Amino acid sequence: MPAPVRPSACPGLLRIVPALDGGICRIKLPGGVLRSVQARAIAEAARHCANGVLELTNRSNLQIRGVLPGQEGTLIDALLGAGLGPRVAAADDVRNLLLSPAAGLDPQARMDLRPLAGQLLDLLQDSPALQTLSAKFALQLDGGEALAMREHPHDLWLAAEDERHLLLGLAGCPNDAPLARIEAPQALELVRQLLLLFLELATPEQSRMRQLLGHISPDELLRRLQARLNFPLQPPPANWQPAATVERTPAGIYPQAQNGLCMVAAGARLGRLHAEQLLALAELSERHGDGELRLTPWQGLLLGNVPEASAGELLSALGDLGLLVRADEPLLGLVACTGSAACARGLSDSKRHALHLAELLRASHARPQVHLSACPRSCASARVQPYTLLASTPEHYQLYQRTPETPGFGRLLAPAMTIDQVGAWFARQHPAGTPDA
Ligand code: SF4
């Protein structure tokens, strides 16, 4: 690997950054897919070189926490040996592409975008010019699947309009409306030229598309992009709406496009797994599925190509492993950052508080979607959740509700609530028989 690792505060596979509970190593998974043999390699490495705690991220990647001092090199070698690294060191940070975990399987999908995802990841890895993109610059491909997260503020997105056309959208455009329409085979060249144009136009302070579009209009950007392309950018359809998606974190059995097969989804408790669970998941994916674990942006897992006859057995095995498989499980609606237990910036122990809130909710009928954040950086959720709890003291939170007219976390409902008060508040909002949407 001749190119050096880029300096950054963000963890990477080759750049293990310290936290209060040890080092963090982030593994970027192409399309969120982890093969069983790779899952075993990660689990073994986490057991021997770290404390065994694994974290599923909201971009369908995976982190090893608690890396032990002096074990960094051994861990990195083990992960590279399992084929989990970038082709060149400088490309690790830019492998940011979100795909539906149900790509190629979802019966609602208009297009299977896995081949394009592979081409785009190759482009990002093989183009030295593109390796200067910010480590946060991210692409999203939307094939129209029902099991998809469409609220992420991705810098650049492509969505299937039908079986032949893709729509281009950029973060920072009004109403998240698409800007142009292309034929699907033109997508690779479109993205190549758009990324190069972005890097040409952006100043060092403008590392994200939204920032550039604060200084140049989308129309002007499109005009310059068109000048670099040998195919026309077509106008997008008026009033286009993205495909419908699930409203809550998926858990359970879902139909698949292929006859006789289905998908099984489960959540991880606050996005965390232990190495022993990952070893067991690898085994289950081989016994019941296709030997692949698909990580979801809801910090959970999906196993595809499961024969319908064995889906119930698999779901029950996932539940026995400690995964969340019931749609009414309150923890499925909760997201919590690392918090003060392992992050120096954390004001509160947000993960412990989330577990407590889940217990309170379990005793009621409220099933709200809530993000607990121990500081304003809001690492745990790339989108604004319907409710946000932002720590104001080690034992109190500000409660916000998302509203279209209020930026940031939304409308402040209460300036300082304990978790007991929050649980009681939700129970009052959602009495028996009216679960939260
Ligand atoms: S949101 Fe703040 S406290 Fe929580 S993990 Fe991120 S930096 Fe740490």
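The values are calculated or read from the model by the stated rules, or taken from the named source; none is laboratory data. Remember, it's a predicted structure, so these values are computed and weren't measured experimentally. Cβ: placed from backbone, ideal geometry, glycine included. Neighbour counts: every protein chain shown. Areas reflect the complete protein model, heavy atoms only, side chains present, ligands, DNA and RNA absent. Shrake-Rupley method; radii C 1.70, N 1.55, O 1.52, S 1.80 Å.
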Rounded Å value of the spacing that divides the Cα centres of the range 107-165 and the range 356-385: 28 Å
Nonlocal amide H pairs with E161, under 5 Å, H built at 1.01 Å: L166, L167
In order through the range 57-63: 3J(HN,Hα) via Karplus (6.51 cos²θ - 1.76 cosθ + 1.60), integer Hz, x for Gly, Pro: 9, 7, 10, 6, 10, 9, 10
Sequence-distant residues sharing a close amide H with D106 (under 5 Å, placed H): A257
Per-residue [θ]222 nm for the chain (sum of -39500 (n - 2.57) over DSSP H runs n ≥ 4, rounded to 500): -8000 deg cm²/dmol
For the chain, size of Cβ-based charge dipole, Lys and Arg +1, Asp and Glu -1, in debye: 800 debye
In Hz, Karplus ³J(HN,Hα) per residue of the range 284-289 (6.51, -1.76, 1.60; θ = phi - 60°; x = Gly, Pro): 5, 5, 7, 6, 10, x
Å² per residue, accessible surface of the chain at 1.4 Å: 41 Å²
Accessible carbon and sulfur surface of the range 136-250 relative to its total accessible area, %, 1.4 Å: 51 percent
GNM result for the chain, Cα springs below 10 Å: residue of N96, N230, N58 fluctuating most strongly: N230
Intensity falloff of the range 17-91 expressed as log10 I(q)/I(0), Debye formula with alpha-carbon point scatterers, at q = 0.12, 0.15, 0.24, 0.27 Å⁻¹: -0.28, -0.45, -1.19, -1.44
GNM top mover of L120, L321, L75 - the chain, alpha-carbon springs below 10 Å: L321
Sites D320 and V17 - FRET efficiency at Förster radius 30 Å, r taken between beta-carbons, to 0.05: 0.30
Length released on extending from R87 to C173, taking residue separation times 0.36 nm less the Cα-Cα span: 27.6 nm
Residues with amide H under 5 Å from that of V17, placed H, sequence gap 5 or more: G12, I24
Antiparallel bridges, percent of DSSP beta bridges restricted to the range 331-429 (to nearest 5): 60 percent
Most fluctuating residue given options A102, A46, A416, as computed from a GNM of the chain linking Cα atoms under 10 Å: A416
Computed E for T203/L80 - FRET, C-beta separation, R0 30 angstrom, nearest 0.05: 0.30
Whole-percent pair-distance distribution, where bins are 10 Å wide, for the alpha carbons of the chain: 4, 21, 30, 29, 14, 2, 0
Local electrostatic count at L97 - Lys and Arg +1, Asp and Glu -1, tallied over other residues with Cβ under 10 Å: +3
Inter-probe distance in nm under a simple model that places probes 7 Å from Cα toward Cβ, at S217 and N230: 3.1 nm
